[in-house]
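Worksheet: the structure to be examined is printed underneath.
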Amino acid sequence: MIVVMKRNAKKEEIDNVLKSIEEQKLKPVPLHGTERTVVAIIGDERVIHIDSLKAMNGVEKVMEVLQPYKLVSKEAKDKPSKVRVGDIVIGGDEIIVMAGPCAVESEKQIIDTAKAVKKAGAQILRGGAFKPRTGPYAFQGLGEEGLKLLAKARDVTGLKIVTEVVDVRDVQLVAKYADILQIGTRNMQNYPLLKEVGKINKPVLLKRGMWATYKELLLAAEYIMSEGNREVILCERGIRTFETYTRNTLDINAVPALKEMTHLPVVVDPSHATGKKSLVAPIAKAAVAAGADGVIIEVHPNPEKAVSDADQTLSTEEFAKLMKELKLIAEAVGRKL
Ligand code: PEP
Ligand code: MN
């Protein structure tokens, strides 16, 4: 970290800055130029109280050298991380496909979907038992009953399951059934929830807040990892822009950009990113071409009857067709599916 003092900073102000840095157990190295003084801070700058430093008299600005996140950054670990779920590896050569309905609705619906997506080549079944709905009167999910149905679908098909947890009080319950816990876009900055999933020993699929910068997403992942859970998968699921034709706008930049910034695997959700079933396949293909480690796609045996997100949900036949196309894209970029 570098503290740039104002041109006319008094000696006493510079001394106060040096003292404050020393009090925080770091080493200040003042460099007195002809115009002004700058102070380099030696040591792990992430422990310093940057806001109070910025507010000190005589300080013009404070520049960070290290990223504010540690565990997720490439500075900490250069090699890509692989997240393992049984014998499935996310972040390896193989593209991982998670597929299933927006919400678990009934035993028949989830088992039929599971069988169909398994047959088409998906490795993980998705489905919400706890749904974060925009309105309080919309279907909120089946709760534990939904988790039990997901577990049944896993028993029948051997697919692993990913499902969302929306409430800090439900983390243990969801972890009892799920193979991967999903944190949805709306909860990306729910810090108590992030900390709680950081304490369990199951992978977490962390969706990017629809308003969040890459840095904020990485800091959210850091919250989880700093509690001990190192199994985090990032998910780009579209962000809010001025466009209204689509539900969100897929930020395709996020895939290669996050891969430059972090060692964590990155997957893409083309369903929520577009909100339109006609756009799901092309955007899923773009994601794989851009280097995503996987995709998560909403599929329902009867999409027009889906109780949530019907407009963006593929039928099992459409999904099977997409899988064939994705395989070709995966091979073209040196991956497997
Ligand atoms: C979902 O995956 O069903 C979901 C609600 O996603 P998001 O949090 O990205 O909107
Ligand atoms: Mn959905």
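The values are calculated or read from the model by the stated rules, or taken from the named source; none is laboratory data. Just so you know, these numbers come straight off a predicted model, no measurement behind them. Positions of Cβ are backbone-derived with ideal geometry, glycine not excepted, and every protein chain shown enters the neighbour counts.
When the residues of region 154-179 are filtered to those that are farther than 17 Å from Ile233 by Cβ and within 16 Å of ligand 1 (Cβ to nearest atom), the one that is surrounded by the fewest Cβ atoms within 10 Å (Cβ to Cβ) is Asp167. Residue count for region 278-302 under the criterion of being within 12 Å of ligand 2 (Cβ to nearest atom) and either surrounded by fewer than 24 Cβ atoms within 10 Å (Cβ to Cβ) or part of a loop (DSSP other than H, G, I, E, B) (or both): the result is 1.
All conditions but one from (1) surrounded by fewer than 20 Cβ atoms within 10 Å (Cβ to Cβ); (2) more than 15 Å from ligand 2 (Cβ to nearest atom); (3) under 20 Å from the mean Cα position of the chain (by Cα) apply to Gly275; the one that does not is (2).
Per the listing Gly100, Gly143, the residue uniquely on the phi > 0 side of the Ramachandran plot and away from ligand 2 (no atom under 14 Å from the Cβ) is Gly143. Number of residues in region 242-290 that are closer than 28 Å to Ala76 by Cβ and of a type in the set (D, E, K, R) equals 4. Taking Asp269, is it assigned by TED's automatic domain parsing to the domain that holds Ala290, modelled with pLDDT of 95 or more and touching a Gly at 6+ places or on another chain (Cβ under 8 Å)? When the stated conditions are applied, Asp269 passes them.
Just one of the listed residues (Lys11, Lys25, Lys19) is modelled with pLDDT of 90 or more and at positive phi, and it is Lys25. Under the condition of being assigned to a helix (DSSP H, G or I) and of a type outside the set (A, V, I, L, M), the residues counted in region 9-33 number 9. Listed by first and then second residue, the pairs with beta-carbon distance under 7 Å, at least 6 apart or on different chains, first residue in region 20-48 and closer than 24 Å to Ser226 by Cβ, second of a type in the set (Val, Ile, Thr) and in a loop (DSSP other than H, G, I, E, B), are Gln24/Ile48; Leu26/Ile48; Ile41/Ile48; Glu45/Val65.
Quick grid of which residues meet (1) more than 19 Å from Met261 (Cα to Cα); (2) outside any loop (DSSP other than H, G, I, E, B); (3) of a type outside the set (A, V, I, L, M):
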{"site": "Lys195", "(1), (2), (3)": "yes, yes, yes"}
{"site": "Lys215", "(1), (2), (3)": "no, yes, yes"}
{"site": "Gly228", "(1), (2), (3)": "yes, no, yes"}
{"site": "Phe242", "(1), (2), (3)": "yes, no, yes"}
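Looking at the structure I just gave you, is Lys259 in contact with a helix residue (DSSP H, G or I) (Cβ under 7 Å, 6 or more places away or on another chain), away from ligand 1 (no atom under 16 Å from the Cβ), outside any strand (DSSP E or B) and in the same structural domain as Glu317 (by TED's automatic domain parsing)? The answer is no for Lys259.
Is one or more of the residues making up region 96-119 acidic (Asp, Glu), out of contact with any Asp or Glu (no Cβ under 9 Å at 6 or more places or on another chain) and without any contact (Cβ under 8 Å) to a residue 24 or more places away in the chain?
no
Step by step: first the residues of region 310-337, then only those that are under 15 Å from Gln109 (Cα atoms) and buried (at least 18 other Cβ atoms within 10 Å of the Cβ), then the one that is nearest to the chain's Cα centre (by Cα). Which residue is that? Among those that are under 15 Å from Gln109 (Cα atoms) and buried (at least 18 other Cβ atoms within 10 Å of the Cβ), it is Thr313.
For region 75-125, the set of residues classified as under 15 Å from Glu318 (Cα atoms), more than 16 Å from ligand 1 (Cβ to nearest atom) and outside any helix (DSSP H, G or I) consists of Gly121 only. Annotation: of all residues in region 304-321 being assigned to a helix (DSSP H, G or I) and touching a strand residue (DSSP E or B) at 6+ places or on another chain (Cβ under 7 Å), the one that is farthest from ligand 2 (Cβ to nearest atom) is Thr316.
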